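Notes follow the structure.
The values are calculated or read from the model by the stated rules, or taken from the named source; none is laboratory data. Given the structure is predicted, the values throughout are model-derived calculations rather than measurements. Every residue, glycine among them, receives a Cβ derived from its backbone with ideal geometry; neighbour counts consider all protein chains shown. Accessible surface areas use protein heavy atoms only, side chains included; no ligands, DNA or RNA. Shrake-Rupley method; radii C 1.70, N 1.55, O 1.52, S 1.80 Å.
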Amino acid sequence: MRREFGCAARTFVGRRAYRRLGFVRLSDYASERLGVSARTLQSAAWLATRLDALPAVSRAYDRSELSWAQARAICRVAAAADEDRWLALARRSTVATLDRLVARAERPGGVPPDPEGEGGEIDGEPAVRWRFACPARVRALWRHALALASRVAGEPLGEWRAAEIVAAEGSSGRPAGTSLGDRALLEALRLVHRACRARRGGGGPDASAVPARIFNDAPAFPDIAAAGDVGNDPVAALRLEPPPSTDPFALDARLAEAMRVLRTIEPRIGQLLRVVADQRFYRSFGYAALDAYVRERLGISARKAWALLAIEKAALRSGEFGQAYREGRLSWIRALALLPVLDREHAPAWIARAEGVTVRRLADEVDWVLASRDALGPRVSLAPPPLGSRLPPPLDSRLPLPTRVTAPDECRDSSPEARLHIGAGVGGSSVAGAGARGDAENCHSPAARRDVLEVSDAEVRFTGPASVVALLRDVLDAFADPAEPRWIGLERLLRHVITFWESTPRHHDPVFARDRWRCTVPACSSRRNLHDHHIRFRSRGGDNLRRNRTTVCAAHHLHGLHDGTIQASGVAPHAIEWRLGVRLGVPPFLVCVGERYCSAPVARSARGDDGRRASRDDSHEIGLARDVQLREGSLEVGTDGVDRDLELTRDRLDAGAGEEAKRDVGFGRGEVEARA
């Protein structure tokens, strides 16, 4: 089934068929529709392309004589002339040995690189895991700084890329009189030395000679086609050709079906893997660690195996979660996103939320709950926020305050030993016996903070290139004081970065800030080249009020909304109905109100001036979202609040109320970044 998935992915990725479905990025389509990363889709397409160029390897893989890991390793360096020798080497070598030989072999020209990259490397450098113990509120600052880094960069960033931007900003604004250490310089020199040694073949024999010696001693791999009639072999008949159809919607259906089958297999693998890990059965097969077992016997990465185990353990804690995951109602990405907030009390609510909103909205809600608990303490419930509600950053009102100290009753570790340790550090102050939040806050004055011991009850961690981790450590040294705990230096760095980025001049158009500086099209992750789009086109009588304007990226604006692939109607910001993948005579590919899925395309009764007129169902959906806006104060109370606001604002304009009223209505038609 992986071969089927790869063949469909190759055509889908090569033709960029996801654009016809209303997506501008492969990563957005892969996470939203298939529940996997874009790299997984690209890797499957790459392997399918390489297997077509290596018929012997392809036949062995179709017969399950090669695992996924072995096939990927061989396809990196094998050519049609020497694929039989690489097959013989794979049969008599472990996956780890095969990977080492492949890394030292000379790669033939014209072979595209593997999207997965080399094992144990990130961005061409050794992968290093960075872990830092700190109080939970400092971790909340870390989350906020990473979110701001993505906004500054104009695109969604992984943790290590965002950490690199934070470190670079801290390097430029480090305290006066401090200098950076030499960790980054030494790491750069090590990487240069490593690259030179690789070009010289490791200082030993020529790299290509190592596989050659083994090739000469290894028996030839049997030719499967010569062993019998392939046409009568049911195993050989499983080889799947690329899908003949190039229709984007047919390719999507084929990918979704292949992923559905794979999604039903993975829960079973997780169940059996848990038994193997708990009973340590891998030792019976001669493996000292589980990582080596899954790599050699199952052909999957250790990271994938540990993720399967984490999901399986969560399924044991919550029967509803396990049932939804095994039935395929929760994709891989959605299941992983729910793990930090999953408990028995709130599991049903989170599962229902995951099935009803986009992946982007689900990740935002999970991050918001975790950040709220870090900033405000463990008393914050793990329940999902109200559907469609605004998610204000929990640090906005707390950042200017002095360092907040964790009270004993707010410690995440509620063990008696931890509480006894905290109480001893307090030295008999009133904090030790504080049972209410108000008592804890009263003792957080600057005079009392000296006597309070703050506990590092959280951890900041990410995996990134060695040079990025070295740079971050150098910057932390510049902000740290040897007489203080190490995490105080991290807090100073994060407060400096957050303060600098949030003090930058604001854009004159408030629509971008209202929409959190990103495209509002469902599932879109774009944060750059943003346009101010009029939901009802001005050429069709649309006004310039904020409720008729929303933020979209340039690709969705020019190649989606204005060429008919995407349609939008309703009231901004939460009551916009989005229709993606619009086709004539058939329902749209995806229909959302805000970032909530509609179970079926909203019925349309008649066309209006804006191309569509809302039916009763549409009015109901928009009314729900408008209620959210009313609670937030963006509209007046009552269903006529919008019209009343418009009339009052126009009266203010007629009376010469000034620039503020002009911004509410017009806001300068020529001052927006792009006009609909």
For Arg390 and Arg280, what is the calculated FRET efficiency with R₀ set at 45 Å and r taken between the beta-carbons, to the nearest 0.05?
0.40
Taking the Cβ-Cβ separation of Ser171 and Ala483 as r and a Förster radius of 25 Å, what is the calculated FRET efficiency to the nearest 0.05?
0.65
So what's the gap between the Cα centers of the stretch 559-584 and the stretch 1-59, to the nearest angstrom?
27
How far apart, in nm, are two points set 7 Å out from the Cα along the Cα-to-Cβ line at Lys313 and at Thr94?
2.5
Would you check the accessible area of Asp291, probe 1.4 Å, heavy atoms only, in square angstrom rounded to 10?
70
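Quick check on the stretch 1-134: take the gyration tensor over C-alpha atoms, sort the square-rooted eigenvalues as a ≥ b ≥ c, and tell me if it's rounded (a/c under 1.5), prolate or oblate.
Note, shape of the stretch 1-134 comes out oblate.
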Packing-based order for 550-562, 455-467, using average beta carbon neighbours within 10 Å, highest first
550-562, 455-467
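Going from the alpha-carbon gyration tensor of the stretch 80-139, what semi-axes, largest first and in whole Å, does one get by taking the root of 5 times each eigenvalue?
Numbers: eigenvalues 273, 44, 14 Å².
After diagonalising the Cα gyration tensor, the semi-axes are 37, 15, 8 Å.
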When a/c reaches 1.5 or more, the comparison of a/b and b/c decides; with that in mind, is the stretch 277-395 rounded, prolate or oblate per its Cα gyration tensor?
prolate
So if we plug the beta-carbon distance of Gln271 and Ser37 into 1/(1 + (r/R0)^6) with R0 = 25 Å, what FRET efficiency do we get, rounded to 0.05?
0.60
Once you put a point 7 Å from the Cα of Arg329 and another 7 Å from the Cα of Val261, both along the Cβ direction, what distance in nm separates them?
2.5
What is the spin-label model distance, in nm, from Arg131 to Ala513 if the labels are put 7 Å beyond Cα along the C-beta direction?
4.1
